[in-house]
Structure formats: C-alpha cells, structure tokens
1. Using label points projected 7 Å from each Cα along Cα→Cβ, tell me how many nm separate residue A:62 and residue A:295, to one decimal.
2. Helix A:157-172 versus the longest principal axis of chain A: what angle, 0 to 90°, nearest 10, using Cα atoms?
3. Working from Cα positions, state the angle (0 to 90°, nearest 10) between the long axis of helix A:249-262 and the longest principal axis of chain A.
4. If the label point is 7 Å along Cα→Cβ of residue A:149, which residues in segment B:85-105 have backbone nitrogen under 17 Å from it?
5. Relative to the longest principal axis of chain B, what angle (0 to 90°, nearest 10) does the C-alpha long axis of helix B:131-142 take?
6. Can you give the helix-only mean residue ellipticity at 222 nm for chain A, where every DSSP H stretch with n ≥ 4 adds -39500 (n - 2.57) and the sum goes over all residues, rounded to the nearest 500 deg cm²/dmol?
7. Based on the mean of other Cβ atoms within 10 Å per residue, sort peptides A:137-144, B:4-11, A:181-188 so the most packed one is first.
8. As a test, work out the antiparallel percent of DSSP beta bridges whose residues both lie in the protein assembly as shown, rounded to the nearest 5.
Ligand SMILES: [Fe+2]
Ligand SMILES: [Fe+2]
C-alpha cells in the first residue's frame, strides 16, 4: 500500500494534535521512499523546524485512567515489556549520537543537531509516560530508567551495547568511514529502521485498535514521524558512502552479520497476544522492515543471511 | 577470601567461568539462551583481558587474563596491562570504582551498555559475535568472593 498524496500532506503538515488523528500505518509507509527521492539534509532540517513538537504539551490524564481501569494486567505487562525497550533505546540513541557529528558531510551536521534534539525529546516522552501513566517515581532521567530496566529483554544489550562500543570507536576515529558505516548500519538501519519502526507499529496498532492511551498514541506517532527523518537522513548518508566507494558494502554486511547473530538469542518470552500480535507476525515485520531499508540504499544480502534472518528472535526496542 | 587481582582470585574466576551457569541461573532463562552460548562457544579462542585503569598500588598486576580454547578457559593469570596489550585478542578496561560497582551486584548488561567496561583492544563486531558469552562471563566473575583493595 502506498500513502496517497493527501495523506502525505496531512502527515507532513500535521501539528501535535493532528498526529493523534493520523493512522500510524500511514506514517510508517511515509518513511520509505525510493533512493532517488531521498530528501537532502537541509530539506530534512527544514521539515524538522516545521514538525518539532513540545513533549510537555501532552496531557497523560486519560492514559492514566486507561492504564489503571481499562487495561488488563496481562496487557499492561506485555505493554511494559515492549515500551521499556523503547524507554532505554531512546536514551541510548540520545547519549550515543554526538561523535558522529565530527566526520560527516557539512549539511548532514546541521540536520544531525536536530536529530539529537529529537532523541532527547523522545527520552523525555518516555520519562513522562513512566511517571504520569505507569506511576514510577524518582529523581532525574536515570532513576526512572533504572526502574524500568527489569522489564527489558536481557538481549537488549546486544544491539545497544554494540552501539555504545561503536560510538567509542567513532569517538577515537571520527573520520574513519568504515567505522561510520558500521555505526550507521547499527543505528539508522537496524535500531531505527528495523527495531524502532516494528515496535512502533505493534504498540501503536494496539492503542489505536483498543482505543486506549491517547496521549501515548499522539506523542509516539509524532515520534514515528521524527524517526522518518532520522532514517531518511541516515539512508542518504549510507548511500553517499556507497557512492564514494562501493566496497563499504562489506561493512554493512559485517555489521548485519553480528546484529543478526545476536538477534538469534533471547532469554525470556514476550507475550504479544494480549496486544493482538504473534511472534511470527513480529518476525515477518522485522524481515520486511530490513528489506525496505536495504532497498532504500540499494544493497542486497548474500544468501547466507537468509538463514540468519529466519532465526531472528525479535528484540523489542528502538530509538 | 582471595584478594582482587591475585593469582588465587584469577584461578577461582577461571573455575567459575568453566562451570557456568549454576542450576539456578540456568533455569532463570530460556534453554535456547544457553544453546545460543553453546553455539558460539567453539568460536571463542585466544586471550581475553580484563583490566583496571587506576588500580591502587600494591597489587601484583592490574589485569586479569584468560586464555580460551573453543570457549573453555585453559589458563588464568594476573599480568601488567602492557603485557595484556601485546597479547590479548580482546581487552576490556574500566575504572576501579566501576569494578567495585560490579562486585556490588551492578547489572553486567549495564556494565557494557553504560560503558563501565570499554573494549580497548580488539574488533568490536567480532567481540559482539559472542556478546552474551562475554556478559555471562562477567556474571560468573561477579559471583567469585573477592577481597577488594581499600583505596589509599
Ligand atoms: Fe531516532
Ligand atoms: Fe527516537
């Protein structure tokens, strides 16, 4: 399905309240554009200026009532298992982005400052959700993160630990394009392009279909529109590196090999059924999201990756 | 109780790593998690070094090293960082305070994710091919009783 022109206009121009009335599936479709239509960095920055939203305008009081009165204990637990991966994921992508700024093209630097601000706002969005809806209390960002830590999958540390360590590689060698490519594959292709967009679809479809958590739906749909910019900027950068030297494709493959190997592990079961999903559907969603990102940068995977992809156990996280 | 960064402690750590996980931990996670670790085990060779950047004076060395053959630790020792820099495949290093935090029960996943321990030698993508083998190794070391040095 493609998004019609009028829907695109509504997604492009909607304000925060408008995001609450936008269908999340349309926003997810809006991410994917053919390589030739990837917007320029300054165009993405201009979109940011128009689409920026204020996280403190959200009122979570109806969500709080839904959480305590309308949702079942089972659906609260499933929701927390999924949302906590995002709570931590947003903090990780916020805290790990800065070293990329040094060695990227000049126009991307301008856009990346807005990307960083978005991730900080997404971190605050989840902080507010856990305080105002789930009812966790504490000082500062880390207190709340520590309280939601027990809900995340243990294998979360796979992709996000890798991102932390690649960030340090980049801090030491900010102009090394192999490291930039490994970093962009982990951050923009896998964490944002596959994990985040998949998990957004699951929790937002749930909120939409069960008519619960309206402020969560509004803020997280706006977050998804922000992610569209991050992914498109990242795909443009990956494409640019490949145009400079097609041999960088090896860094994409090597990074995905490590990510997919880690994605074959899980230590506990997540029950998707209370949210209206099954594990097989989530797996198919992951594979679909990955192939769409690779199509955007014109990269294919060697046959050996097929089997790894079939072994993937979804990590429910994003950034 | 063996002292931190002593030969006796290194040997106790190796013993714990080689019999890991104990029954209780095994049953706390899906069997398939341990199967994943068993599947990567044969690929783990060479030397892992775990180093303290700012160890208070008085220890025999600041770095614990294990030699691995197909995921089994075949020797353990305490060496100086310079020796580990020359010989290790992977070297993780952290501050003494962060090591103490780990012995206090701090989550090993957070030790990695919040960069309490950094990979200061070795290829990052290769290291993460065995990610959960390494985090479980840290969890094993965490359980070995140890007498910490008192900072001067
Ligand atoms: Fe993002
Ligand atoms: Fe984000």
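1. Label-label distance for residue A:62 and residue A:295, simple model: 3.5 nm.
2. For helix A:157-172, the angle is close to 50 degrees.
3. With both axes taken from Cα atoms, the answer is about 40 degrees.
4. Output list for this probe position: B:95, B:97-105.
5. 50
6. My calculation for chain A gives -20500 deg cm²/dmol from helical runs alone.
7. My ranking of the peptides, most packed first, is A:181-188, B:4-11, A:137-144.
8. 75
Any read-out appearing in this document is the output of simple, stated calculations on the displayed coordinates, not a laboratory observation. None of the values given here were measured: they were computed from a predicted structure. Please note: Cβ atoms are built from the backbone with ideal geometry, for glycine as well, and neighbour counts cover all protein chains shown.
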